[in-house]
Ligand SMILES: Cc1cc2nc3c(=O)[nH]c(=O)nc-3n(C[C@H](O)[C@H](O)[C@H](O)COP(=O)(O)OP(=O)(O)OC[C@H]3O[C@@H](n4cnc5c(N)ncnc54)[C@H](O)[C@@H]3O)c2cc1C
């Protein structure tokens, strides 16, 4: 089963080493597309693992600089020790963001499951006071996200808007996909008007087209926001948007802890689940 999942994962992950991700970023750059590199890992349970993650991010930031790649980085606070303590995760995130500032780079905090939402927002708002080169992700699947996005934008923070990859209870999240999508559209429009350079992170072509239409109607510059997509999904759309003059970045994960990320990619599309099931039964 793990071998089959690994085969599936290869579509979405650059490889196990940082150099794999940097090479993938340079390839995208040649097509006029920027990158966001993520070192895979989450929910570490020891201070040592969190420290190793920090070391990897520092080396990644230097690797990006040395290669000349146009790539920002993304990280998860539970990869930096949030399950151990908020202080530890904050301290580690600060080390990475400070280094990124020195290198002229940008770091975005990914958003994890709802147990971490408020902690991630609190850490971000504190970091953002000192480091303008930090951003955060917000999920339209959560009922409170419109308020969260408004608060962050009012402080000048850049939001990456996503639908949300985690299964959440109905008490705090929209149950129907259509409601997640319409909340996405509403938050997207507010963010586009906020002047905080949001990232519209979706492969949903209706929403991508609506972002383009809305931005043109409001006279917003193409440089005032980014489109972001994941490695391995909608490659033609990525290239088309870049050729139309939009700012496009592709999220490139790498590393040895590929399983949780792969399962999230599997779950969000029923064709992917069928692909794995079909291969299990054909064996
Ligand atoms: C740059 C980026 C960063 C992200 N960061 C986070 C984060 O920090 N926290 C978080 O919770 N989520 C994050 N996500 C994931 C996000 O929440 C969604 O789970 C994911 O993007 C799928 O939703 P969608 O917006 O593409 O819309 P959907 O309506 O789910 O999909 C639209 C179309 O995209 C294609 N598609 C979608 N998913 C797949 C797939 N796995 N394989 C193949 N095709 C697919 C299909 O054609 C589908 O019809 C991120 C997504 C992106 C693009």
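Each value in this text was obtained by applying a stated rule to the coordinates, not by laboratory testing. This is a predicted model, so every value here is computed, not measured. A quick note on method: Cβ atoms are made from the backbone with ideal geometry, for glycine too, and the neighbour counts reach across all protein chains shown.
Classify segment 1-41: rounded, prolate or oblate, from the alpha-carbon gyration tensor (a ≥ b ≥ c, eigenvalue square roots; a/c under 1.5 rounded; otherwise prolate if a/b is larger than b/c)? The shape class here is prolate.
Classify segment 20-113: rounded, prolate or oblate, from the alpha-carbon gyration tensor (a ≥ b ≥ c, eigenvalue square roots; a/c under 1.5 rounded; otherwise prolate if a/b is larger than b/c)?
Details: a/c = 2.27, a/b = 1.92, b/c = 1.18.
Note, shape of segment 20-113 comes out prolate.
Can you tell me the FRET efficiency between residue 155 and residue 189 if r is taken as the Cβ-Cβ distance and R0 is 22 Å, rounded to the nearest 0.05?
Working: r = 19 Å, r/R0 = 0.87.
Between residue 155 and residue 189 the formula returns 0.70.
Most tightly packed first, judged by the mean number of other beta-carbon atoms within 10 Å of their residues, the peptides 113-122, 137-146, 218-227 read 137-146, 113-122, 218-227. Globularity index of the chain is 0.96 (Cα radius of gyration / 2.2 N^0.38 Å, N = number of residues). Of interest is the spacing of the C-alpha centroids, which for segment 235-271 and segment 1-79 amounts to 13 Å.
Over what distance in Å are the Cα centres of segment 186-224 and segment 118-152 separated? After rounding, the separation between the Cα centres reads 18 Å.
Rounded to the nearest 500, what is the 222 nm mean residue ellipticity of the chain from helices alone, with -39500 (n - 2.57) per DSSP H run of 4+ residues and division by all residues? Here the helix-only value at 222 nm equals -16000 deg cm²/dmol. Sorting 41-49, 152-160 by their mean Cβ neighbour count within 10 Å, with the most densely packed peptide first, gives 152-160, 41-49. Short-range pairs are left out: with C-alpha atoms under 8 Å and at least six residues apart, the relative contact order of segment 1-72 is 37 percent.
Suppose R0 equals 22 Å; then what is the FRET efficiency for residue 58 and residue 4 from their Cβ-Cβ distance, rounded to the nearest 0.05? About 0.05, to the nearest 0.05. Mean separation of Cα pairs under 8 Å and 6 or more residues apart, divided by the residue count, gives the chain a relative contact order of 24 percent.
Counting DSSP beta bridges with both partners in the chain, what percentage is antiparallel, nearest 5? If you can, show how the numbers build up before the last one.
Values: 1 of 32 bridges.
DSSP beta bridges in the chain are roughly 5 percent antiparallel.
So, by mean Cβ neighbours within 10 angstrom, what's the order for 83-96, 4-17, 164-177, 65-78 with the highest one leading? Kindly include the intermediate steps, with their values, before the conclusion.
Details: 83-96: 18.1, 4-17: 16.4, 164-177: 13.8, 65-78: 20.3.
My ranking of the peptides, most packed first, is 65-78, 83-96, 4-17, 164-177.
Rounded to the nearest 5, the antiparallel percentage of DSSP beta bridges internal to segment 82-193 is 10%. For segment 163-189, backbone nitrogen atoms closer than 19 Å to the point 7 Å from residue 144 Cα along Cα-to-C-beta are found at 163-175, 180, 183-184, 187.
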